[in-house]
Each structure stands twice: as structure tokens, then as C-alpha cells.
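One structure is given below, encoded as C-alpha cells.
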Amino acid sequence: MSDVRYPFTAVVGMTDLRLGLLLNAVSPAVGGVLVRGEKGTAKSTMVRALAGLLPSIATVDDCRFSCDPAAPDPQCPDGPHASSGSSERPSQLVELPVGVAEDRIVGSLDLERALAEGVKAYEPGLLAKAHRGVLYIDEVNLLQDHVVDLLLDAAAMGRSYVEREGVSVRHAARFLLVGTMNPEEGELRPQLLDRFGLTVEIAATRDPAERAEVVRRRLAYDADPAGFAARFADDERALAERITAARELLPKVELTDVALRQITAVCAAFEVDGLRADIVMARTAVALAAWDGRTEVLEEDVRKAAQLALPHRRRRNPFDAPGLDEEQLDRTLEEHAQPEDSPEDSPGTDGDGDGDDPDGDGPGPGDDGGPGPDGGGAPEPESGPQAPEAAASDAAAPDLPEQQPVPAQHPAPARESAPVAAGDPYRTRLFAVRGTGHGAQGRRSPAETDSGYTVRARRPQGALSRLHLTATLQAAAPHQVARGRAGAALVLRKDDFREQVRKGRESNLVLFVVDASGSMAARQRMTAVKGAVLSLLMDAYQRRDKIGMITFRGAGAELALPPTSSVEVGAARLESLPTGGRTPLAAGLLRAHEVLRIERLRDPARRPLVVVVTDGRATGGRDALAQSRRAAGLFAAQGVASVVLDCESGPVRLGLARTLAGHLGGTAVTLDELRAEGVASLVRDSRDNRATTMRKAA
């Protein structure tokens, strides 16, 4: 890979992304930018290219925290810097790996030296390295929640705090935060989305000419990176100079009362939670004015700031797509385009304050919404002849032939029912995997995690990060005389150290196996079933699970959604799910078993939870019911946690779903029992069923 970065000005299109990044370069106080888009859209390329445009910075010599010699950090661990020299260097781009640990981000302390020598031997982390530069997080939605929280807290406060067993270190950490993500791989929580100043949605162009130019430039860069960069050197230099000029102009930009009132009115009209959006919009509008070389914020700046700062703050649940109603935005801006004391805003006036209407512009006879000639309101629609628009519409519609009956001698195959909408989601009961896992941190099943409460101590497994001080002292105390302890300092050996074992909760792989056969096709019934699955998807999102979906109908089973963190994709696949045909239950279970086998190889620590959505019927094939029960036995033999959502309805019920749950070694729950009420009874039922299954197996 070449060390020459792809030029920022060589990227084709991506106007909003380009602007969002440049505004943060002008004013890092905007709060960073989150780039959302499909794979292969030059997200990473543009972020890496941005660092080359930023002005160089002056730093204190031998300071590992990039202190500014003009205003050094008084709390810098390498300080004080009163008599230190300085030098200039380019702004740094620091990339954060997806699997990064907390200690690598904030830095780590040498606990052995801290305890044995009483010194703060601190090794800076990535936040210190990114100070006064760019911190780039690729696939930010795949980071663990506590890591994202830590990063965003540091970005908001401009300072990093390291607390380890009574030893405290803090240092400045101000950086331009840029995150990229592919929404298909999972969303960020709304609380985390709100912490990013701006969000930009991008997609690859569908214009063949633009796509050809992208390919042409990429091939030219790969063939000769240095030569390609030289072609755009003048453009890069001009853009860097414009960033510097905008930074110098920024303190002189005036945010007028009218612009500020428009900003707050827009945030109120779109019902954005909290006040962070108002502040971000104000900073963005000021940066836009400075970028255009103006010293006053205009309405066009407020409009563009709203388009960048508000869409991701409009989401109320994980299935809401980010977006903004442009008509509502324009209407709100127009309503608040005048100062508060403007005569045009006074009721009962026509703009000159006398209350007259000499031009006849106010409501009058015959106007829409005003009294008509007979004193009534607007005229009623005609009930006789059609309005011209309606007549034209009907005239344009072609005559359709009457539907002919299907001849009896040619019976139609089992028809596919059109997809039906899902019912409203609701809060569901918690289904957890029994035992203690070691998977990624989440909110579902008990597990040993990096965070949580301490349950015991053990010898370190790898680098010591979470010292258990009491256990360490207890291990070292009996050996002090033999080690010749003379002073107050404790004599420690490597074998004395103990680390904490913390218990929290993990995320799981929730695999849905959904019956889409004809027996489930009743529209009212399928609406309730889809509403239940949608509720479980919502629960999986809140608990940070991965999800997958298998559907079975007709002749076999289909992997409708490979395991992913994106519940939006799962909800979309569920919404468009058709029904009809026979019920190959065994095929669905066998496909689920194969998916789990593959996922176990990819991520051995993530434990699965299988949710089978069915009425328990099995058709299509010889001895279909017995085959489905044998397939269910595979899950029970491997101890896979499972839940059967019993969708059977009607006055006569066969109890096939509950029988299937017994063969799976899991729990059966009806649609009514799925809701969060009465959770205690479900827990008792789950334990009783599990105990019964274990007794039968013994």
C-alpha cells in the first residue's frame, strides 16, 4: 500500500460528506461527523485525505500529549513546560481499530511500579495521540457500547480521565471526531447518535459517467500514486488555505438574533430531544458563514445546518429511518424570518401597523377559508358532475376486463398471499441463555465481562488490567519476612498480582425461525405474529444482540437474513415476508442448525438463542412431524437455548408448538404471554421445563 494519500479534491461527488468534514475542520467545536453509507463509497478515503489538508501544529518538545506551547495543559502528565522548546509537525490522523480495548484508548498504568515504587508510570493511549488532530473510527457501530461512550465523553469534555486503583491521570484530548458506518451492519443507540455533531448519508452515484470517472481516477492512483497526487496538488493547497482563512474568520462571524430564533424554532418544530441540537446547529451555521467568507449567518446557513445536524436526532426507535421534512423546514424558517418586534409579526396588521387592508390581500368573500357570498365557509365539493381533475384522472385510467374464473380442470397451485403489515411493537419478556458466558458485552445473558460488578479474583490471564488490590495484598502478605522487607514499601512479586473477575451481561445471537406457510396466512393472525417478531427484534436491538432470520414455507427453508447487527434490515425483511404453501418445519430447523454451526466457527464466544415462530404443524413430506421432532432433538443435544412462540389459534388447539418446545429443550410462549407482564410466571415455567427435560435426559 502506498504512503501517498488519495487527494481529497480528487474524490468525485460526495458533496454533503465533503462539506461536513470541512466544517469540522474549520470548527472542531461542531462535534464531529458520522458518515453513514453503503460499502464502497469512499468514506474511509475521504476521512484519511482530510488530515492532509489540516494546518500544521506547534507542539512542546518531548511532550507525548502534543501540548500547545502557547497554552500548555497545566495538568499534562509530562509538564510543566515552562522552559521547554517547541517545533511544528503535521496534524495527525489516529485510526481506532474495531477490537480496541479500553486501556489502549485511554492509556494504561504500570500497576507493578505504581504499587512497588509509588510512581505514576503512565503510558499514553490513542486519545493522547489524537489530541489536536483527527480521531477516525471506522465501523463505529461495531464497537462495544462502553468504548463508544468513553470516546464520546472525551470528545465532549476535551479531556481524558484515567482512574486505576487510586492513581489518577488526566490530560487534554481535543480532536476532530469522525466515525463511519454501514447501517446494514447495525445501528448506534439514539443516545450515541446524538453525541455526533453532524451526520451525512451517502450512497454511490447511479450516473454511469460519474461512476466511470471514479474508476478512471482510482486506476490512475493505483498505477502512480505520487504522480496522481501531483495532479491535484494545486487544488489541495488552495483548499488548505481556504480552511486556514475560514478558521481565522470564525471568531468574527455574528450569529444574529433572527438566525438564532430560526435555529431554536426549527429544533422545537422537529421535536428534537434536549438542547444539544440547538447548540450544534448554531456552531454549524457560524462555520458555514466563515467557510463562505461571510461575517453574518444567513437563512441559507441555518437551513443547511439543520440538514446536517437534525436528521439523526429525529429517530425515536431503531426502525425509524433518519430524515427531515424539507417542506416543514422551509415553512418554519419562513415563519421566523423576521425579528420578534417586526410589524409583520403583529396580529391584525398588514405590515404598516394600521390594521387596514387597502390592497384586499386579507381574507375576504370568496377566499379559501373565508366566508363565501352566502356567509358560509369554503364551498363544498360538487356532488353532481366531477371536478375537472377527477374527470381527467378517470379518463386516463384504462378499462379493465372482468376477471375470468379459473377453469375447474386446471386447478391453481397453492397461492402466495401478499405480505401484511406488522402490528405495533411492544415490550417483551426477557429471554436469556442459561449459565455464564464470555461473549461480547451486551444486555441479555449473564457473562464475565470487562465491566460489571466484581465477583472474585484470579491470577492474571495475559496483561494485568483490572487489579484486585485486596487479593493482591493477601497473596503478598505471608511472604514479606522471607523477602526481607525492611521499610514501609511492600515487597511484591509477579505471582502476587490478582485481577478482578467481573460479572455483567453479554449479547447473544438471536436466530428467528419463522413459519411462513399457508397455515399462518390468516391476515389478522399474521399481523399479530409479525408484531410479536418485530417486538422481539426491538428487544434484540436494545440488548445489543446479533440477529438472523430463517423462513420456511412451500418446499423448503430460506436464510432470509444472515446474522447481522442491523435490526432495520430484519424489520424490512419481516415486513415484506409473504406466506403460503406447505409447512416444512424440519427443513427450517435443519437450516437453523447449519447456520448456528457456521456462526459457532466464526464467533465461538457468542452464545445463540433460537426463537421458533410456529403453530407446530408440519406438512410436506413423509412423516413430516416426526422429522421435525428429530431435528429439534439436535438443538436439545447441544444445549442450545430456545423459545417457541406458539401461534396456534382457534377453539381447537393441538398443542403441537408446546410439544416441539419439549423436544427442543426450551420454553413455549403464546402471543399473549410474550408481553412483559407476568415475567415471574414465565421464569418459573422456563425453569420447570428445563428441569423436566434434564430429568428425562438422565
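Summary table below
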| read-out | value |
| --- | --- |
| Region 10-80: mean projected area of Cα convex hull, nm² | 6.5 nm² |
| Average projected area [Cα convex hull, region 182-231], square nanometres | 5.9 nm² |
| Distance violations [Cα-Cα > 30 Å] among LYS43/LYS129; LYS503/LYS530; LYS304/LYS546; LYS43/LYS252 | LYS503/LYS530; LYS304/LYS546; LYS43/LYS252 |
| Sequence-distant residues sharing a close amide H with THR579 (under 5 Å, placed H) | SER417 |
| Amide N of region 613-635 lying under 19 Å from the label point, which is placed 7 angstrom from the Cα of ARG573 along Cα→Cβ | 613-614 |
| Within the accessible area of region 131-225 (1.4 Å probe), percent carbon and sulfur | 50 percent |
| Calculated SAXS-style log₁₀ I(q)/I(0) at q = 0.17, 0.22, 0.28, 0.32 Å⁻¹ - region 423-474, Debye, Cα scatterers | -0.70, -0.96, -1.21, -1.34 |
| Modelled FRET efficiency - R0 25 Å, GLU163 with ALA486, Cβ distances, 0.05 increments | 0.20 |
| Cα-based Rg and Dmax for region 576-672, where Dmax is the largest Cα-Cα distance (Å) | 13.7, 45 |
| Amide proton proximity set for GLU139, modelled H, under 5 Å, gap of 5+ | THR180, MET181 |
| Fraction in percent of alpha-carbon pairs per bin - 10 Å, region 17-156 | 10, 34, 36, 15, 4, 0 |
| Accessible area per residue in Å² at 1.4 Å probe, computed on region 454-520 | 49 Å² |
| Dipole moment magnitude, nearest 20 debye, region 1-92 about Cα centre, only Lys, Arg, Asp, Glu C-beta charged | 540 debye |
| Calculated diffusion of region 121-212, Stokes-Einstein form, Kirkwood radius summed over Cα pairs, 25 °C and 0.890 mPa s, µm²/s | 161 µm²/s |
| Cβ-based net charge around LEU150, under 13 Å, with every Lys or Arg adding one and every Asp or Glu removing one | -4 |
| Share of carbon and sulfur in the accessible heavy-atom surface of region 543-613 [1.4 Å probe, %] | 54 percent |
| Kirkwood hydrodynamic radius over Cα pairs of region 194-345, then Stokes diffusion coefficient at 20 °C and 1.002 mPa s, in µm²/s | 119 µm²/s |
| Cβ-based net charge around ARG607, under 10 Å, with every Lys or Arg adding one and every Asp or Glu removing one | +2 |
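The values are calculated or read from the model by the stated rules, or taken from the named source; none is laboratory data. On a predicted model such as this, the values are computed, not experimentally measured, just so you know. Please note: Cβ atoms are built from the backbone with ideal geometry, for glycine as well, and neighbour counts cover all protein chains shown. Areas reflect the complete protein model, heavy atoms only, side chains present, ligands, DNA and RNA absent. Shrake-Rupley method; radii C 1.70, N 1.55, O 1.52, S 1.80 Å.
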